1. Return the lysines within reach of Lys418: Cα separation strictly under 30 angstrom, same-chain partners fewer than 8 residues apart disregarded; answer none if there are no such residues.
2. Label-point separation (nm) for Gln364 and Asp712, each offset 7 Å from Cα along Cα-to-Cβ?
3. log₁₀ I(q)/I(0) of region 217-277 at q = 0.19, 0.24, 0.29 Å⁻¹, via Debye over equal Cα point scatterers, no solvent, to two decimals?
4. Given the protein chains as shown and a 1.4 Å probe, how many square angstrom of Leu137 are accessible, to the nearest 10?
5. Hey, got a sec? Which GluC sites (Glu not before Pro) in region 537-580 land in a DSSP loop and have at most 10 other Cβ atoms within 10 Å?
6. Among the lysines, which fall within straight-line cross-link reach of Lys639, defined as a Cα-Cα distance under 18 Å, with same-chain neighbours fewer than 8 residues apart omitted?
7. So how long is each side of region 652-728 along the principal axes, counting just the alpha-carbon atoms, biggest first, in Å?
8. How much solvent-accessible surface does Val156 expose, in Å² to the nearest 10, with a 1.4 Å probe and all protein chains in place?
Amino acid sequence: MMTYANIILPLPLEGYFTYAIPDTMVSRVTAGVRVSVPFGKSKIYVGVVAEYPVNIPNSSDNNRLGSKKITYKNIINVLDDTSVLLPQQLKLWHWISDYYMSPIGDVYKAALPSGLKEEYGYRPRTELYIRLTDNFLHERTLSIMIDSMKRASKQVEVLMTYLQLAGVDEIDEITPDTLLREVTREELMNVSHASVGVVRALVERNILVTYEKEVGRLNGGNPPRPQNIKPLNEAQTEAYNQILLQMMGHNVTLLHGVTSSGKTEIYIHLIQKALNEHKQVLYLLPEIALTIQITERLKSVFGNRLGIYHSKYSDAERVEIWQKQLLDSPYDVILGARSAVFLPFQRLGLVIIDEEHEQSFKQQDPAPRYHARSAAIVLAQMYPGAKTLLGTATPSMESYYNAKQDKYGLVELTRRYKDIQLPKIEIVDIKDLYRRKMMTGPFSPRLLSAVREALGRDEQVILFQNRRGFAPMIECRQCGWVPKCPNCDVSLTYHKNMNYLSCHYCGHTMKVPEVCPCCESEDIRGRGYGTEKIEDEIRNIFPEARVARMDLDTTRTRNAYERLITDFSTGKSNLLIGTQMISKGLDFDKVSVVGILNADSMLNYPDFRAYEHSFMMMSQVSGRAGRKGKQGLVILQTKSPELPVIQQVVHNDYQSFYSDLLVERHEFRYPPFYRLVYVYLKHRDDNTVNSAGLELGSRLRDIFGDRVLGPDKPAVARVNTLNIRKIMLKLENGIDYPRVRQYLRGALDAMLKDKRYGALQVYYDVDPL
Ligand code: ADP
Ligand code: ZN
Ligand code: ZN
């Protein structure tokens, strides 16, 4: 009897695909193995078996399809001997797919490294080895051979070197039982200084043979050195004990510790404890915070028990880490970014999510739009006894609320290590200064004098501007013409170094026009300040400063990013200009002044999270000042010094920030009191997307009433030639969310039956950031 399997394919379509399993392959099919399958007319995909065996309703009682008998295609091949997923991983895929309303095929695409998603994707690395042929594993034959070769003295020399490398000291010891050490061809050539030709000659004479052998890409690393763990001070010890206590009563615990309080050192102690209990640890950081600094610190303690999983690593390396995690001796500690949550864990005991407030834990595009913090918490709950620790100096509203409600444990660490003072934050009202024409470009006199003094004392400076490029837009001074992106509803950003305009939404670029296309004026100028322009002006004002810039444009490669950090920490550069990138977990010794050039652009961003994000950004950036030895100074330039959130940053007053914002969130029905779901509709034609938005909106209102808002045009209402509408759902806590999802799908399916909406793209963003 034919058996069938339900298979996940890498397609953005709901549900599984059913295939028949030929008898010859039955013994190798189980949930979690990869199979290749035919799809459509000519495609072949690598899928993952989700369920096997499954029952197929037979054609007679399948009245939905009438009398037409469905035939299922056979799978082509089974690609694995054992499952590449453990049951927990498959369960996590399902949770993500359900909760975030993303097809499971999209989850599959996000979860596996590419090498595992293609039939011939991953190639093990092989090396060429060389060995004495069996014929000459006899003392006599070998000696005779060598005598006869005397004229080819170079070959003899190479052969003798080979024998030495293989561990043969005396030729007359050789017997067919002699164990030869393996020697690579490269090793032989290096030691004997021989050319490939000489080695080849020996192979042609049948004295040596070559063979290939798989070698791993993963470096072994040093053995672990727990003696490198730093003893905790009193406050840290107290926090450590509190964490263990809180973990006894909670699955998730939040460590709220000011910057530089030594959270990392506490994590290291907790990791060691988990390892002593023979458990594995997953340590998640935002991609950008995964610097040399943190990896070296962990390596120095955990050595070869630490694996690092990072998008800048080669795909082949990621495949090898994946495979290693399934075998007998997996890495015990995985340090990684968002996607590390998908790695297989056999005995997970602890998940650490550092900088838990970071937005980049949420994947925006493409689907699945999941939050790695939520996914990691769910993952930990699948392992008996496993706990999650969230750490940050500025908790997200959601996490802090959960902690206050006692849903999460809460531990607060208010003292910096060695009691280094928090920086002094000075507000500079630039509205007034602009009016009195006292600004030099974007710099206030106070900021310039602080920078000058710091540089004079051989200290370092960080300037923060949350906009890359030279100018956010250019403009014709005669007629007001502003170049816009042809594909999106945004103006183009001017990049002076490369002399082009670019769209930060779709990547479209064009040359800067010499004259205005409307009025032919040549007076086209940039407006506003990006990091590139800040750099230009700073170089003019402080020609002696060693200036570096860190933003997306200067860090396209991993090396460039690490070099900028190294140069700054060794003092090769002493003034660093950057976007939010500079706020992420960097620990510099000599930064005495931090300048926040313009707080207002963040505060005015049209989103309910603008204050939350601004508070966090300003606090984190400020935290870079004065980390060792003396109090740092932060100059915070703003046009709205009266805003409470500015005062809260100045006084490092998280509690007031949190309680003020909580009132507002409650009043306007936002998280953490309500769960948000955004529904996005996209179509080339604005009329189509408009009527689709109205129709879906009214269908949803029939079901959900005033929980539905919109459709509205988002701030940028056209991206990549697609017009966008957004519907917002505000769902009260405690609502039956699985049912909500059913209704949402139902409403959408009903609408999509309309032929006009054939090319409509619709997707959900659950818990949007
Ligand atoms: P956080 O993660 O809270 O910002 P870190 O863990 O990076 O703080 O600690 C800040 C600095 O203080 C680091 O250079 C760290 O090595 C040092 N430090 C913290 N705790 C200790 C300790 N117990 N012993 C020695 N150095 C410590
Ligand atoms: Zn013009
Ligand atoms: Zn664009």
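The values are calculated or read from the model by the stated rules, or taken from the named source; none is laboratory data. Quantities reported herein were computed from a predicted structural model and do not represent experimental measurements. Reconstructed Cβ throughout: ideal geometry from the backbone, glycine too, with neighbour counts over all protein chains shown. For the accessible areas, the whole protein counts, side chains as well, though only heavy atoms, and no ligand, DNA or RNA atoms are used. Shrake-Rupley method; radii C 1.70, N 1.55, O 1.52, S 1.80 Å.
1. Lys230, Lys263, Lys273, Lys299, Lys387, Lys404, Lys572, Lys584, Lys590, Lys628, Lys630
2. 1.8
3. Summing over Cα pairs of region 217-277 leads to -0.79, -1.09, -1.38.
4. 20
5. Glu544
6. Those lysines meeting the cut-off are Lys431, Lys437.
7. Taking max minus min along each principal axis of the Cα atoms, region 652-728 gives 48, 31, 12 Å.
8. Here the accessible area works out near 20 Å².
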